[in-house]
Amino acid sequence: MKILPNEKLTLLTELSKSKAIEILNLSIRPKQNFGFGNGKTEEGKKFEGRIFGDSFNISRIINYRNSFLPEISGKINEKINGTEIEIELKPISIVKGFMILWLGGVSLAFIATLVGAIIGEGPIYVCIFPLFMFLAGFGMLKFGFSTESEKSKKDLIEILQARIKK
C-alpha cells in the first residue's frame with residue numbers, strides 16, 4: 001500500500017504533437033509565487049507552470065487553499081495516429097516532507113504507547129490518540145489529493161481532447 005499518493009497515466013489525443021503543445025501553452029499562465037488568494041484565472045487559463053520543449057510542469061489554478069493540489073509533470077510524444085501525453089501527478093515536495101514527518105512521528109508515538117501498554121507502563125487507551133492522528137493525517141492526504149487529482153485530469157482531458165490509455 002502506498003502511503004504518499006502518486007499517479008501515473010497516459011493520455012491519447014488525435015492532435016499532432018505541435019498542436020497539443022500549442023493548446024496546452026494557451027491554457028497555462030506563468031507560476032504565481034506566493035499568490036495568496038490569487039486564484040483569478042485569465043481567459044482560458046486553467047493551469048499555471050511552464051512548458052519546456054516537449055515536457056511540462058504545471059498545477060491547476062484554484063481560488064481556494066489546498067496544500068494537496070497535485071503537481072503535474074508530463075512529456076508529450078508524437079505517435080503514428082496522434083499524440084501520447086505521459087503525466088505524473090504527485091504532491092508538492094514540501095507537503096511530501098511534512099507528511100512523512102507527521103506520519104512517521106505519530107507512528108513512532110503509537111508504537112511507543114503500545115509497547116508501554118504491553119509492558120505495563122501505561123493504559124492501552126493512550127494508543128488511540130496517536131492512531132487517530134495517523135488516520136486523520138493519512139485521510140486528509142488521500143482525500144485532498146484525490147479530489148484535486150480528478151479535477152486536474154478532467155481539465156487536461158478536456159483541453160487536449162484526449163482519453164486515458166488503458
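Selection of first residues in the stretch 128-143 that are at pLDDT 90 or above and of second residues that are assigned to a helix (DSSP H, G or I) and not aliphatic (A, V, I, L, M), restricted to Cβ pairs under 7 Å at least 6 apart or on distinct chains, gives the following pairs, ordered by first then second residue: P130/F110; P130/T113; L131/F110; F134/S107; F134/F110; G137/W102.
Pairs meeting the criteria (first residue in the stretch 97-122 and free of Cβ contacts under 8 Å to residues at least 40 places away in the same chain, second residue open to solvent by 40 Å² or more (accessible area, probe 1.4 Å) and part of a helix (DSSP H, G or I), beta carbons under 7 Å, at least 6 apart or on different chains) are V106/M133; V106/F134; S107/F134; F110/L131; F110/F134; T113/V126; A117/I124; A117/V126. Within this structure, V126 passes the test of being assigned to a helix (DSSP H, G or I) and open to solvent by 60 Å² or more (accessible area, probe 1.4 Å).
Matching residues to (1) crowded, with 17+ Cβ neighbours inside 10 Å; (2) out of contact with any Asp or Glu (no Cβ under 7 Å at 6 or more places or on another chain); (3) within 16 Å of P5 (Cα to Cα):
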residue	(1), (2), (3)
E86	no, yes, no
G97	no, yes, yes
L114	no, yes, no
L131	no, yes, no
L141	yes, yes, yes
G144	yes, yes, yes
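Which residues, counting only those in the stretch 100-158, are farther than 21 Å from K90 by Cβ and among the small types (G, A, S)? Answer for the stretch 100-158, where residues must be farther than 21 Å from K90 by Cβ and among the small types (G, A, S): G105, S107, A109, A112, G116, A117, G120, G122, A136. Of the residues that make up the stretch 27-41, is at least one hydrophobic (A, V, I, L, M, F, W, C) and not in a strand (DSSP E or B)? Yes, the stretch 27-41 contains a residue that is hydrophobic (A, V, I, L, M, F, W, C) and not in a strand (DSSP E or B).
Residues in the stretch 148-166 that are free of Cβ contacts under 8 Å to residues at least 24 places away in the same chain and assigned to a helix (DSSP H, G or I): E150, K154, E158.
Yes/no per residue for (1) among the polar types (S, T, N, Q); (2) surrounded by fewer than 21 Cβ atoms within 10 Å (Cβ to Cβ); (3) touching a residue at least 60 places away in the same chain (Cβ under 8 Å); (4) within 17 Å of I23 (Cα to Cα):
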residue: G49; (1), (2), (3), (4): no, yes, no, yes
residue: R65; (1), (2), (3), (4): no, yes, no, no
residue: S73; (1), (2), (3), (4): yes, yes, no, yes
residue: E78; (1), (2), (3), (4): no, yes, yes, yes
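Among the residues of the stretch 2-25, the one identified as without any contact (Cβ under 8 Å) to a residue 60 or more places away in the chain and either among the acidic types (D, E) or open to solvent by less than 30 Å² (accessible area, probe 1.4 Å) (or both) is E22.
The values are calculated or read from the model by the stated rules, or taken from the named source; none is laboratory data. On a predicted model such as this, the values are computed, not experimentally measured, just so you know. Reconstructed Cβ throughout: ideal geometry from the backbone, glycine too, with neighbour counts over all protein chains shown. Side chains included, ligands, DNA and RNA excluded: accessible areas come from the protein's heavy atoms. Shrake-Rupley method; radii C 1.70, N 1.55, O 1.52, S 1.80 Å.
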